[in-house]
Amino acid sequence: MTLGVRVPRELSARVPAEQRGPGLDRDAVRLLVSRGAEVAHHTFAELPGLVRAGDVFVVNTSATLAAAVDGRSGHARVVVHFSTRGDDGRWAVELREPDGRGTTRARAGGPAGREVCLPGGVRLVLEEPVSARSERLWWARVSGPGIPGLLREYGRPIRYAYTERDQPLSVYQTVFALPSADGTGSAEMPSAGRPFTARLVAELVRRGVRFAPVTLHAGVASAEAHEPPYPERFTVPEASARLIEEARAGGGRVVAVGTTAVRAVESAVDAAGVVRARAGWTDLVVTPERGVRAVDGLLTGLHEPEASHLLMLEAVAGREAVERGYAAALQGRYLWHEFGDVHLVLP
C-alpha cells in the first residue's frame, strides 16, 4: 500500500516530546483514533478513557541498542549499523556513509571480503547479503571482543536526518524495555511504546487493562527504500499467549502496541487460529491478503507514505480507514516518526 500524499518536512518530530517545553513528559503527544471511517483527535494522556476493562495491550519488551558505531573501511570513514545477531554468531550489518551533519546516507555494502575496522580491536568481514532481494544488509563475521560490549562502550543510537541532534540511549528506551541476557536487542526503538509512562500504565491497569509482554528484536529499517522487514528473532511467552486467548474468549480487544508486537503475535498463531507460546525467527510480513488472526487493534506511529508498515495497517483496519486517518493527520498537523504523535486503530 502506498498513500498518494506527501508529508512536509516540518511535520517530522525533531526532538522527543519531553524536550519541547517545560513540564512535559513522554505522553505529551497527540493521539489520532480511527474506528472504521470515523476519526477522532485526543491526547495520549486520554488513552485510559478509550479502553475497556478486559482489553489486552501486547507490548514489546526489546531494549534498544546503541547500534551505530564509527569505523573505517580502507581509507574511508563508515558508520556501521548493527541490525541482528544470527544463530551462527555473525551479525547482519548495514554500512552507511557519514554526511557531516551527525547523520548518515546510504552506501554500497559489499563486496564480499570487505573489512571494516572498529574501535576496541573489533574487525568485521562482510561475507554475503542477508537477502537475495537487496545488498543493503550483509552478514559479517566478527573477530575480537564481543559486539554487545563494543556497543555499550562505543555505540550510539541510530539517528536519521530528520532529528535535530544526538540523544542519549535512555531517550530510546520504552517503559517496557528489559535487557536481554545475551546483550542483544533492537537496532531501532519499538517506538509505539515510547509515549507510555509508568503513571499511565498504572492508570490503565487500574481500569482493567492487562499487558501481555512479547519480545521482537527489530532490525535496521530502510530509511530510503522502505523494504519489508527482514527475519527477526521473537518470543511469545506462555503467560502472554494465555492472556491474549483469555481476552479473545471474553470479548476483550487485543491491541498491539507497535508493528513489532503484531509481527510477534501473528507469528505465534497456530493452524487453528490459537496464539501459542513460541520463540525463534519470523519472516512473516503481514499484508491485507494474509490478514490478521489474533490482533484487533493497533497503536502505532505515523509512517512514511511509502512504508511497508502501511500494509499491516491496512490488514488491521482496511484501506479506507488508513487513508482517512492519514488525511486527518496531515490536516491536523500531526508529527511523524519515532518522536512523533500516535495513531490508534480500533475495530
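The values are calculated or read from the model by the stated rules, or taken from the named source; none is laboratory data. These numbers were taken from a predicted model, which means no experiment stands behind them. Note: ideal-geometry Cβ built from the backbone for every residue, glycine included; neighbour counts use all protein chains shown.
Out of (1) touching a residue at least 60 places away in the same chain (Cβ under 8 Å); (2) in contact with a His (Cβ under 9 Å, 6 or more places away or on another chain), what's the single condition that is false for V130?
V130 satisfies all of (1) touching a residue at least 60 places away in the same chain (Cβ under 8 Å); (2) in contact with a His (Cβ under 9 Å, 6 or more places away or on another chain) except (2).
Would you mind finding the one in A181, A187, A202, A108 that is out of contact with any helix residue (DSSP H, G or I) (no Cβ under 7 Å at 6 or more places or on another chain), of a type in the set (G, A, S), assigned by TED's automatic domain parsing to the domain that holds R20 and under 16 Å from V79 (Cβ atoms)?
None of the other options fit; the residue is A187.
Quick check, is V292 β-branched (V, I, T) and buried (at least 23 other Cβ atoms within 10 Å of the Cβ)?
No, not satisfied.
Hey, could you check the range 203-223 for residues that are in contact with a strand residue (DSSP E or B) (Cβ under 7 Å, 6 or more places away or on another chain) and over 23 Å from R242 (Cα atoms) and say which is modelled with the lowest pLDDT?
Going through the qualifying residues, I end up with S222.
Yes/no matrix, rows are residues, columns are (1) among the aliphatic types (A, V, I, L, M); (2) under 18 Å from W91 (Cβ atoms):
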{"position": "Y162", "(1), (2)": "no, no"}
{"position": "S170", "(1), (2)": "no, no"}
{"position": "V175", "(1), (2)": "yes, no"}
{"position": "G185", "(1), (2)": "no, yes"}
{"position": "M189", "(1), (2)": "yes, no"}
{"position": "R199", "(1), (2)": "no, no"}
{"position": "R206", "(1), (2)": "no, no"}
{"position": "H217", "(1), (2)": "no, yes"}
{"position": "A221", "(1), (2)": "yes, yes"}
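With the requirement that a residue be part of a helix (DSSP H, G or I) and either hydrophobic (A, V, I, L, M, F, W, C) or under 25 Å from Q167 (Cα atoms) (or both), what does the range 96-150 give you?
Selection gives P119, G120, I147, P148, G149, L150.
Is at least one residue of the range 29-45 outside any strand (DSSP E or B), modelled with pLDDT of 95 or more, among the charged types (D, E, K, R) and under 19 Å from the mean Cα position of the chain (by Cα)?
no
Name the residue, out of A13, A17, that is under 26 Å from P228 (Cα atoms), of a type in the set (G, A, S) and crowded, with 20+ Cβ neighbours inside 10 Å.
Within the list A13, A17, the selection yields A13.
Hey, does the range 189-202 have a residue that's of a type in the set (K, R), at pLDDT 95 or above and more than 20 Å from the chain's Cα centre (by Cα)?
Yes: the range 189-202 contains one or more residues that are of a type in the set (K, R), at pLDDT 95 or above and more than 20 Å from the chain's Cα centre (by Cα).
Across the range 16-28, what is the number of residues that are over 28 Å from F234 (Cα atoms) and within 23 Å of the chain's Cα centre (by Cα)? Don't jump to the end; show me each part of the working.
The initial filter retains those residues of the range 16-28 that are over 28 Å from F234 (Cα atoms), namely 17-25, 28.
Imposing the further condition that a residue be within 23 Å of the chain's Cα centre (by Cα) reduces the set to 17-20, 25, 28.
Of the residues in the range 16-28, 6 are over 28 Å from F234 (Cα atoms) and within 23 Å of the chain's Cα centre (by Cα).
Of the conditions (1) touching a helix residue (DSSP H, G or I) at 6+ places or on another chain (Cβ under 9 Å); (2) surrounded by 14 or more Cβ atoms within 10 Å (Cβ to Cβ), S143 satisfies every one except a single condition; which number is it?
(2)
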